[in-house]
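Structure first, commentary second.
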Amino acid sequence: MTLATTTGPRVRRVRLRDYTTLRVGGEAELWEVDGPSDLREATREPFLVLGSGANLLVADAGVNERVVRLGRRYNAMPDFAAGPEAWVGAAAPLPGLVRRAQRAGLSGLEGLSGVPAVVGGAVAMNAGTRFGEMSGVVAAVELFVDGDLGVVPAAELGFSYRHTALPAGAVVTRALLRLTPSTPEAVAASMTAVDAARAGQPKVKSAGCAFKNPTGASAGKLIDEAGLKGLRVGDAMVSFEHGNFIVNVGDATAEDVTALLAAVRSRVPTPLELEWRPSGV
Ligand code: EPU
């Protein structure tokens, strides 16, 4: 007799504030998936995919969409022993991946040192810093879309600054990385330079940079020059350390954060486009 081995998605009601680095957001139904049949069940519209929650602003009322999170089956780290090209699971944490590539003496990911993402989320928004972004290392992605898995080459993903044109309703399940042979020492040295550039960023609850940098400018510098550091709505505050960070100094709500974003935009002469992914706000 064949026993069913799958138990289906693990579904529970959670407070999304517990799943975001900004620590803001109401309730939702979280569907944790561990395989194609789970994904098929969980990705009936409407749904959204939760990565590491590091670039997310969730409404106080929560979200009505099902929130899909990839489980352990999707966090496989790449095997670089076989060469500089390897698949990595979408739920794998980027910081661990960056360190692994460094140990293997492979270059390409060091510009993403310190970026608090999982691979799928980093691909979906083309995460990065001035020193490098995901588009520089991703050769292809495996996507779950319309109930099936398929592989899409990077050239068809429409990578641009903090943006990827993924097909609607697609879930990134794996990414094929193409790194460049170097040495552990050289990669470590580049990582130190990247880490130094981020040293002035706040360490308290935030969702990273709130706005994209306008062409040829730094949003943080523009906000700083407008004298907005320390501007506060409720417990949401423009960081004193970096103008493009909105920090949660206590128990900020999405309403506080949204009002603060609007206040910042109205006082900076250059139009600012949000980098975060808003959900329900
Ligand atoms: N600056 C100020 N005041 C501030 C902030 C910055 O004068 O309050 C000045 C700095 O002194 C520097 C310039 O503006 O001369 C650029 O600042 P920074 O080096 O911090 O870079 P950024 O353009 O503000 C970008 C990314 C960051 C990434 C850093 C470091 C964006 C929107 N931001 O910031 O990414 O960590 O470079 O590489 O692309 C993120 O995406 O969440 C993020 C934080």
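Only the coordinates and a few stated rules stand behind these numbers; no lab work does. From a predicted model like this one, the values you see are computed outputs, not experimental measurements. Positions of Cβ are generated from backbone atoms using ideal geometry, with glycine treated the same way; all protein chains shown enter the neighbour counts.
Summary of computed values
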quantity: Selection status of ARG23, assigned to a loop (DSSP other than H, G, I, E, B) and among the charged types (D, E, K, R); calculated: yes
quantity: Test result for THR7, at negative phi and under 20 Å from the mean Cα position of the chain (by Cα); calculated: no
quantity: Hey, ALA82 surrounded by fewer than 23 Cβ atoms within 10 Å (Cβ to Cβ) and in contact with a strand residue (DSSP E or B) (Cβ under 7 Å, 6 or more places away or on another chain) or not; calculated: no
quantity: Total residues in the range 215-259, condition in contact with a strand residue (DSSP E or B) (Cβ under 8 Å, 6 or more places away or on another chain), away from the ligand (no atom under 11 Å from the Cβ) and assigned to a helix (DSSP H, G or I); calculated: 5
quantity: Qualifying positions in the range 141-165 - over 17 Å from ASN75 (Cα atoms), among the aliphatic types (A, V, I, L, M) and buried (at least 19 other Cβ atoms within 10 Å of the Cβ); calculated: ALA154, LEU157
quantity: Odd one out for CYS209, checked against (1) more than 8 Å from the ligand (Cβ to nearest atom); (2) under 15 Å from the mean Cα position of the chain (by Cα); (3) in contact (Cβ under 8 Å) with a residue 60 or more places away in the chain; calculated: (1)
quantity: The range 224-250: number of residues that are acidic (Asp, Glu) and touching a residue at least 40 places away in the same chain (Cβ under 8 Å); calculated: 1
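One line per residue, one yes/no per condition, for (1) in a strand (DSSP E or B); (2) touching a residue at least 40 places away in the same chain (Cβ under 8 Å); (3) closer than 17 Å to ASP34 by Cα; (4) touching a Ser or Thr at 6+ places or on another chain (Cβ under 6 Å):
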site	(1), (2), (3), (4)
ALA81	no, no, no, no
PRO95	no, no, no, no
GLY111	no, yes, no, yes
PHE144	yes, yes, yes, yes
